[in-house]
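Nothing in this text is a laboratory measurement; each read-out follows from the coordinates by a stated rule. Owing to the predicted nature of the structure, the values given are computational and were not obtained by experimental measurement. Here the Cβ positions follow ideal geometry from the backbone for every residue, glycine too, while neighbour counts run over all protein chains shown.
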Amino acid sequence: MLKFRREEISNSDQNRRRCSLCGGTAIKLNTLNLLGLIESESFGCQKCGSLFRYPLPDPAALSTYYDGNSERYPPRVQKRMAFDQVRWLRHALRQAGAPECLSFLEYGAGQGWLVSAVLKTHLSDHSTGIEADAGAVEWGRENLGANLLQGFVGSDIALQEEWSPEPSIVAMVHVLEHLHEPQATLASIRQRHPKAMLFLEVPNGLHEIPVIQRDIFPWSSMGQHLWSFSDVGLKCILESSGFRTVLLQSVGNGNFWKSRLRSLDVARLYQKLFRDWETNGGGIRDIVTKSATVLIHGLSTGVRNSLGRVSRTQLPSLRVLARPI
Ligand SMILES: [Zn+2]
């Protein structure tokens, strides 16, 4: 389990919260401006090892934010990821002894790469996606011929009264970590699609959390995640929402975040030196020495990062197939 690093934060009660995933105690790790919407704090759970933000923007603000503000990777990366996900899903279904997928439904489908890959690989003949970003819906319909509807998973679970046929697999890929109330959303899916198996993919908290802990710079994309799940935290939330985990696997390359961590350490070093200089002052010699220190660290980090780059398709993630209890 991950051990949380804390700096300059006292151990008082106001710096602790209950983890809504597992009921354990979580400690404050940092403060940040979340999505440019709200001043928030990050908490690390000492029991399940997950990280969450508190307070969160309200669901309406989130829905507006995600309509047009979602991060998109290049088409070849998204295509490779989608086909890899279908391959994994087929393998997981076989392991579970599950019947074939009659109908596939994805919440938070983006441009529809997975929805489209499901059809192309004949995993299912019926494949539909729901996506908040109107631009992504339009692009996916035009370029991939994907069957996409516009809606937000947090509020539009019952978007369509009747599904025909009822989905036998409901998917959410890199969505849960963006939701205001992931447990309530999973419970709604369980209620709305009582017979469907659930396919989830989220970033693996074990690898992502050390980055989120250091990454409080306003321009960073890591600020988008409201939750970062450990495998234990993910199993807890699935169980409390009415699902039993059939297969949970860690995929990707554990070295993926190393270059980001090195860059963040240089940025933090620069920040610290500047803060020290502002507080204590210093002569020309001191300024030159400190600037040289940052420059040397920056250059060596640049060289190491360019040598050790890992493809986005290798993002460390947790993949889960679960069935309704
Ligand atoms: Zn927890």
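Things to note:
- When the alpha-carbon atoms of the range 108-201 are used, the pair Rg, Dmax equals 12.6, 34 angstrom.
- Ala134-Leu299 FRET efficiency (beta carbon distance; Förster radius 45 Å; 0.05 resolution): 0.55
- With a Förster radius of 41 Å applied to the C-beta separation of Phe83 and Lys195, the computed FRET efficiency comes to 0.95.
- Extension gain, Glu142-Ser291: 0.36 nm per intervening residue step, less the Cα-Cα distance, totals 48.5 nm.
- Over the range 13-58, the reciprocal of the mean inverse Cα-Cα separation, the Kirkwood hydrodynamic radius, stands at 10.6 Å.
- Taking each residue as 0.36 nm, the span from Leu149 to Leu248 lengthens on full extension beyond its C-alpha to C-alpha distance by 32.8 nm.
- With the simple spin-label model, which puts each label point 7 Å out from Cα in the Cβ direction, the Glu239 to Gln14 separation comes to 3.5 nm.
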